[in-house]
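One structure is given here, and the rest of the page talks about it.
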Amino acid sequence: MTIVKVNQRHYQKGDITRRVLSFAVDFCGAWFLSSIVRNNQIGIQFAQIFVFIFAWLIFRVIVVYNNQGQSLGRWAFDLKVLEVANGAIVNRIPQFQTLLLREGVICFSSLLLSIFLGNIILNPAAVVLLLPLVIDGGAALSDTQMRQAFHDRFFRTIIISSQRGYSLDIKIKRLVEKMQRNMR
């Protein structure tokens, strides 16, 4: 009996800039929907929090599960989420329960970000609310091999570049270059 080494497919890891931009697209969508129910009172808005969590779970769990691992933001920037098993990337999206738990962690950090943005003028000390998101994202910056954030490591997922998407970052770069050429 001989051992045959199977060639593993190489996946290009998601660029940090594109990951941040795709997160921003998804965050702004959920934040916009939740701001519709905001009233002008000072303090935490429970209806706004509920709508934010509901929108986040739709955008980042249900859409991702039904759209080959891509949310709207990931689709716009050619990224997708895949499973990691035994240190190797598996060519399948995570199970629904894994996505739900993974996005629950990110939703909490995003919710703190939305509370920070709503209260920064009244309370500059609210900057402390950004710490979970910064620590989680900082892990992806320090991991040069797999570029996994803490939530990716814990739930065994990874963000990779995909060939299916809108390529918004590339289109914006072309538009800026064209505008610069036209201004000369």
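The values are calculated or read from the model by the stated rules, or taken from the named source; none is laboratory data. From a predicted model like this one, the values you see are computed outputs, not experimental measurements. Because the Cβ atoms are built from the backbone with ideal geometry, glycine has one as well, and the counts that use them run over all protein chains shown. The accessibility values were calculated without ligands, DNA or RNA, using every heavy atom of the protein model including side chains. Shrake-Rupley method; radii C 1.70, N 1.55, O 1.52, S 1.80 Å.
Percent of alpha carbon pairs in the chain separated by more than 30 Å?
The share of Cα pairs beyond 30 Å in the chain comes to 27 percent.
Under a straight-distance cross-link criterion of Cα-Cα below 12 Å, which aspartates and glutamates are reachable from residue 13, leaving out those fewer than 8 residues away in the same chain?
Straight-line reach from residue 13, under 12 Å: 78, 143.
If you take the square roots of the eigenvalues of the alpha-carbon gyration tensor of the stretch 119-174 and sort them as a ≥ b ≥ c, do you get rounded (a/c under 1.5), prolate (a/b over b/c) or oblate?
oblate
Once Lys and Arg get +1 and Asp and Glu get -1 on their Cβ, which of 55, 179, 98 lies farthest toward the positive end of the dipole of the chain?
Value computed over the given set: 179.
Got a number for carbon plus sulfur as a percent of the stretch 73-184's accessible area, 1.4 Å probe?
Here carbon and sulfur together make up 62 percent of the probe-accessible area.
In degrees from 0 to 90, rounded to the nearest 10, what is the angle of the helix 46-57 Cα long axis to the longest principal axis of the chain?
Orientation of helix 46-57: about 20 degrees from the principal axis.
What trypsin sites (Lys or Arg not before Pro) in the stretch 11-88 are in a loop by DSSP, with at most 16 other Cβ atoms within 10 Å of the Cβ?
Sparse-neighbourhood loop trypsin sites (Lys or Arg not before Pro): 38.
Express in Å², to the nearest 10, the accessible area of residue 15 obtained by rolling a 1.4 Å probe over the protein heavy atoms while all chains stay in place.
The value for residue 15 is about 70 Å².
Keeping every protein chain in place, order 64, 176, 134 by accessible area at 1.4 Å, biggest value first, i.e. largest first.
Accessible-area ranking of 64, 176, 134, largest first: 134, 176, 64.
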